[in-house]
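Quick notes on the structure that follows.
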Amino acid sequence: MGGGEKKYIAEAFSTNWISTIGDNITGFENELEQYLGNQSHVAALITGTAAIHLALLIAGVTKDDDVLCQTLTFCGSAHPILYIGAKPVFIDSELDTWNMSPFFLEEAIKEGLAKGKKPKAVILVHIYGMPAKIEEIEFICNKYDIFLIEDAAEALGSSYNGRKCGTYGNLSILSFNGNKIITTSGGGALVCRDAKTKDYAIFLATHAKDNAPFYQHSEIGYNYRMSNIVAGIGRGQMEVLNAHVELRRQNHDFYHNLFADKSEVVVFKEPSKAFFSNHWLTVIRFNELENVINSENLRLYLLKFNIESRPVWKPMHMQPMYANEKYFGNGTSEYLFKNGLCLPSGSNLTNEQKNKLKTVINDFFS
């Protein structure tokens, strides 16, 4: 917390606007729009997952449609496909950014077209704050006229060629869950390219109530709108967003220096100056899984000292519930899952904690 959140929460209580209407919601949306630029129009929602669900509905995805989704991601990127009854097709990563491979994306599109079933949408994710090869993927989606949803849940504050993540594709989504670069305790947003789409998203997010003096509904809606209290936390967090990005990048520099002399490890970093990552999480990968010096043994060693670390996202096509779905790739995401480890990366990581991490990690390698 930055400390400024309380004044916005207090304002919501004092004015008695505590539900899904109020100045904090409007203010939070406006501040996000100004931050993102590129004529963004933001609808504040209860979760990033809800934002993906609405994005798929706006894209016109219906039952049995194919949706191409990055496999190396959190389940919230993929589950909304099933909410609609559509069919996920999982796309592997490439090693430069760990994000969706443009090559395998186009392979999947070509196969779908050859079988007479054009994919309805693509869900791209910027994992751990690292921008994907977004311009290549946009080009492919435009080439085949396929709706692109940019999942920037982990990438607020990241950019590619100076353009903010969250402003690419047809629609973008953000997350403000408790572990994100800024938080509203729980929350998300749909980033639209025009005001009309934003208005329709808010309509769907408020039970799709028709303009009538009574409750009338001509289509299915959802209870997805963010509350004025939660949005107040978001307004306070916007005051520290840039500072949080800098703190996360400092954490990354700390780990980069720590592992500089350890040949077994590669620290995940930007592949070129075109990429700017918020380094939401600092992630490493080990070169040889068979070696006793590996990601799982380091995770267990850290745990002995009450230091939590986690494996990289388990790819969706390896998850039990998605085991029978289509997958295009060469095993890159599986390799990253087996060899990768997410290290403590919070914005409130102290120097004392970093010193402990340095000692424990050095002891492990020695």
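All of 336, 349 fail the test of being part of a helix (DSSP H, G or I) and surrounded by 12 or more Cβ atoms within 10 Å (Cβ to Cβ), apart from 336. For the stretch 138-181, filtering for residues that are of a type in the set (A, V, I, L, M), assigned to a loop (DSSP other than H, G, I, E, B) and either at pLDDT 95 or above or surrounded by fewer than 24 Cβ atoms within 10 Å (Cβ to Cβ) (or both) leaves 5.
Residues in the stretch 270-277: is at least one of a type in the set (Ser, Thr, Tyr), outside any helix (DSSP H, G or I), crowded, with 16+ Cβ neighbours inside 10 Å and not assigned by TED's automatic domain parsing to the domain that holds residue 133? Yes, that holds for at least one residue. Pairs are defined by a Cβ separation below 6 Å, a sequence spacing of at least 6 or placement on different chains, a first member in the stretch 344-366 that is in the same structural domain as residue 260 (by TED's automatic domain parsing) and under 23 Å from residue 180 (Cβ atoms), and a second member that is polar (S, T, N, Q) and not in a helix (DSSP H, G or I); the pairs so defined are 345/282.
Selection of first residues in the stretch 91-103 that are touching a residue at least 60 places away in the same chain (Cβ under 8 Å) and of second residues that are of a type in the set (Asp, Glu) and part of a loop (DSSP other than H, G, I, E, B), restricted to Cβ pairs under 8 Å at least 6 apart or on distinct chains, gives the following pairs, ordered by first then second residue: 101/92; 101/94. All conditions in (1) in contact with a helix residue (DSSP H, G or I) (Cβ under 6 Å, 6 or more places away or on another chain); (2) surrounded by 24 or more Cβ atoms within 10 Å (Cβ to Cβ); (3) over 14 Å from residue 122 (Cα atoms) hold for residue 41, with the sole exception of (2). Among the residues of the stretch 24-38, write down those that are surrounded by 23 or more Cβ atoms within 10 Å (Cβ to Cβ) and more than 20 Å from the chain's Cα centre (by Cα). 24, 25 - these are the residues of the stretch 24-38 that are surrounded by 23 or more Cβ atoms within 10 Å (Cβ to Cβ) and more than 20 Å from the chain's Cα centre (by Cα). Across the stretch 120-134, the qualifying residues are those that are over 21 Å from residue 347 (Cβ atoms) and among the β-branched types (Val, Ile, Thr), and the one among them that is surrounded by the fewest Cβ atoms within 10 Å (Cβ to Cβ) is 134.
Number of residues in the stretch 68-83 that are outside any helix (DSSP H, G or I) and either touching a Ser or Thr at 6+ places or on another chain (Cβ under 7 Å) or not polar (S, T, N, Q) (or both): the value is 7. Scanning the stretch 133-146 finds no residues that are farther than 26 Å from residue 270 by Cβ, touching a residue at least 24 places away in the same chain (Cβ under 8 Å) and under 18 Å from the mean Cα position of the chain (by Cα). Quickly run through the stretch 200-248 and pick out the residues that are free of Cβ contacts under 8 Å to residues at least 40 places away in the same chain, assigned to a helix (DSSP H, G or I) and over 28 Å from residue 7 (Cβ atoms). Passing the criteria: only 203. Within the stretch 273-299, residues that are in contact (Cβ under 8 Å) with a residue 24 or more places away in the chain sit with their Cβ atoms under 6 Å from residues that are loosely packed, with under 15 Cβ neighbours inside 10 Å, at 6+ positions apart or across chains, in these pairs: 274/161. A single member of 50, 78, 59, 86 is in contact with an Asp or Glu (Cβ under 7 Å, 6 or more places away or on another chain) and either surrounded by 19 or more Cβ atoms within 10 Å (Cβ to Cβ) or assigned by TED's automatic domain parsing to the domain that holds residue 225 (or both), and it is 86. Of all residues assigned to the stretch 9-22, none qualifies as being polar (S, T, N, Q), at pLDDT 95 or above and farther than 21 Å from residue 177 by Cβ.
Restricting 287, 251 to residues that are modelled with pLDDT of 95 or more and not charged (D, E, K, R) narrows the list to 251. Here residue 288 fulfils each of the conditions (1) in contact with a strand residue (DSSP E or B) (Cβ under 9 Å, 6 or more places away or on another chain); (2) not in a strand (DSSP E or B) apart from (1).
The values are calculated or read from the model by the stated rules, or taken from the named source; none is laboratory data. This is a predicted model, so every value here is computed, not measured. All Cβ positions, even for glycine, are placed from backbone atoms using ideal geometry, and neighbour counts span all protein chains on display.
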